[in-house]
Amino acid sequence: MWWYRKAGGAKPPSVASLDTPLDELLGHYRRAQFQQLLAQRRYGGRAWQWDDYVRWGQELVHTAQVQRPPVGPAPSVPLAETYRCIHCHNLVREDVVLTRQDPEAREQLLEENPALGGKKTGVRLTTGTTFWGMVNRERFYNGYYAKYHRLQVREGERFRPMDPSSLADAVQVCCSYCSAGRFPEDWELDSILAYLWTLELRLRDLDLPAEMQRRILEQFNSGNPQAVDAARQQLRQYYLVASQAHAVDPPTRSEGDKDTYPPSVAELEQLFAPGQSRSASNASQPASTSRKNLVATGDPKRGEWLYRSACAFCHGNEVHPKAGRSLATSPGTFHRYVWKGTQRDGLYMPFFTRERLSPRQATDIRAYLRSLPPEKKISD
Ligand code: HEC
Ligand code: HEC
């Protein structure tokens, strides 16, 4: 997609402030290019406003269809039969430190600020990453998900493999494959992208230390190309230009509320140890060579909240009728679904990576489900 090509040495905005979008500070101007492109588009024989696209995009993300679309039948044909983007993606900031994708930090954040949680618009422990700041990423489906780069996307009447640096391609992949739906029409793709642009990052969002913030603004406003370049290099270390994904191996043994995870998981945990800062550049393999297991003992009390946050949005409703204790009748099945998901055409269960759920959290959820009386229905 031409509007995702790097704009190279474009000038920064004339006066940079805390509210300046990163897209402008970095000299990409992808939003402006995309807006220009939309202004030339015709759907249903006419041009539409940016705000129209944003509104349709928001409807698509929440409900998979648009009540009064620009073309075709009204309401529009749903993108997918069952899944909606919000089943698997938050729409708001989910990480306190933007370079640290740790679900335990998310749990703590929500414990301290319960108001940030919430079914449709709050933070939940979802299998996909948040849409907030999605337009600022430069590479999609990374780490364990890199195998998706082989998937095909539609371009006009042709199909070709996805371009990992194209957000538009990533959206296509998620509409068709992750959502178990179909490829979006051009107007649908344009609308989802316009909506995602309303969730772009600004300098303020990076929470830079005050002194650095002042210096970076000075550099941007200096007009000196070298200073601007240095400021750009620095900015890119304070958010994730590419989100990470590590698969978790299921426990080798489960007894009561206790799960014994293999050494591979214990090593993985070191990536998330407190004080470990992870940016795109240093998210390499765990360094340790110790071959210890990770033993987790479930806490049913924590598990209750975690279950509501990570599972109940899909379980016990129209996505999947099973809920509560019946999900934990066998530890093997429980962990297989959580860490491997299912692969099938049609409605499937997506798996959690370490960036989305920790081994301890899964063990807590299992302990909570085991603590329920067999028939109790969970309503959420
Ligand atoms: C059933 C779950 C599910 C649904 C529904 C879903 N996604 Fe995803 N999506 C994922 C997972 C899992 C990933 C990979 C992890 C990640 O990076 O977010 C992903 C990745 C993405 C990415 C790439 C993110 C990145 O940084 O690599 C985009 C863009 C995306 N999804 C858009 C959408 C849109 C738009 C919809 C709705 C039309 C949607 N998704 C619906 C699960 C889902
Ligand atoms: C995005 C939606 C979604 C989320 C989130 C989700 N599941 Fe599922 N789950 C499903 C679907 C759909 C199936 C059926 C999959 C299939 O049949 O291929 C399923 C199946 C299961 C099963 C097997 C049920 C059976 O048939 O006996 C278990 C166990 C399970 N999920 C546990 C969990 C747990 C635990 C969580 C939270 C940590 C969770 N799921 C989160 C959608 C979801």
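Data for the structure
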read-out: Whichever residue in segment 333-344 is open to solvent by 50 Å² or more (accessible area, probe 1.4 Å) and within 10 Å of ligand 2 (Cβ to nearest atom) and, among such residues, is farthest from Cys85 (Cα to Cα); value: Thr333
read-out: Flag if Leu38 is assigned to a helix (DSSP H, G or I), of a type in the set (A, V, I, L, M, F, W, C) and not assigned by TED's automatic domain parsing to the domain that holds Val319; value: yes
read-out: So Ala16, is it more than 24 Å from the chain's Cα centre (by Cα) and open to solvent by less than 20 Å² (accessible area, probe 1.4 Å); value: yes
read-out: Test: residue in segment 25-48 that is surrounded by 20 or more Cβ atoms within 10 Å (Cβ to Cβ) and within 19 Å of the chain's Cα centre (by Cα); value: no
read-out: Any pair with Cβ under 6 angstrom, 6 or more apart, that starts in segment 300-329 at a residue that is under 19 Å from Pro359 (Cα atoms) and open to solvent by less than 80 Å² (accessible area, probe 1.4 Å) and ends at one that is modelled with pLDDT of 95 or more and small (Gly, Ala, Ser); value: Pro300/Ala367; Pro300/Ser371; Gly303/Ala367
read-out: Residue within segment 118-134 that is surrounded by 15 or more Cβ atoms within 10 Å (Cβ to Cβ), away from ligand 2 (no atom under 16 Å from the Cβ) and more than 12 Å from the chain's Cα centre (by Cα) present; value: no
read-out: Every residue from segment 242-258 that is over 18 Å from Gly341 (Cβ atoms) and in contact with a Pro (Cβ under 8 Å, 6 or more places away or on another chain); value: Thr252, Ser254, Asp257
read-out: Considering residues of segment 142-159 that are in contact (Cβ under 8 Å) with a residue 24 or more places away in the chain and closer than 18 Å to Ser179 by Cβ only, the residue surrounded by the most Cβ atoms within 10 Å (Cβ to Cβ); value: Val153
read-out: Test set (1) more than 8 Å from ligand 2 (Cβ to nearest atom); (2) over 20 Å from Ala266 (Cβ atoms) - Leu306 fails condition number; value: (1)
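Every residue, every condition in (1) within 15 Å of ligand 1 (Cβ to nearest atom); (2) of a type in the set (Phe, Trp, Tyr); (3) in a helix (DSSP H, G or I), yes or no:
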{"site": "Thr82", "(1), (2), (3)": "yes, no, no"}
{"site": "Leu125", "(1), (2), (3)": "yes, no, no"}
{"site": "Lys147", "(1), (2), (3)": "yes, no, yes"}
{"site": "Arg160", "(1), (2), (3)": "no, no, no"}
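The values are calculated or read from the model by the stated rules, or taken from the named source; none is laboratory data. As the structure is a prediction and not an experimental result, all values here were calculated from the model. Cβ atoms come from the backbone with ideal geometry, glycine included; neighbour counts cover every protein chain shown. Surface areas here come from the heavy atoms of the whole protein model, side chains and all, with no ligands, DNA or RNA. Shrake-Rupley method; radii C 1.70, N 1.55, O 1.52, S 1.80 Å.
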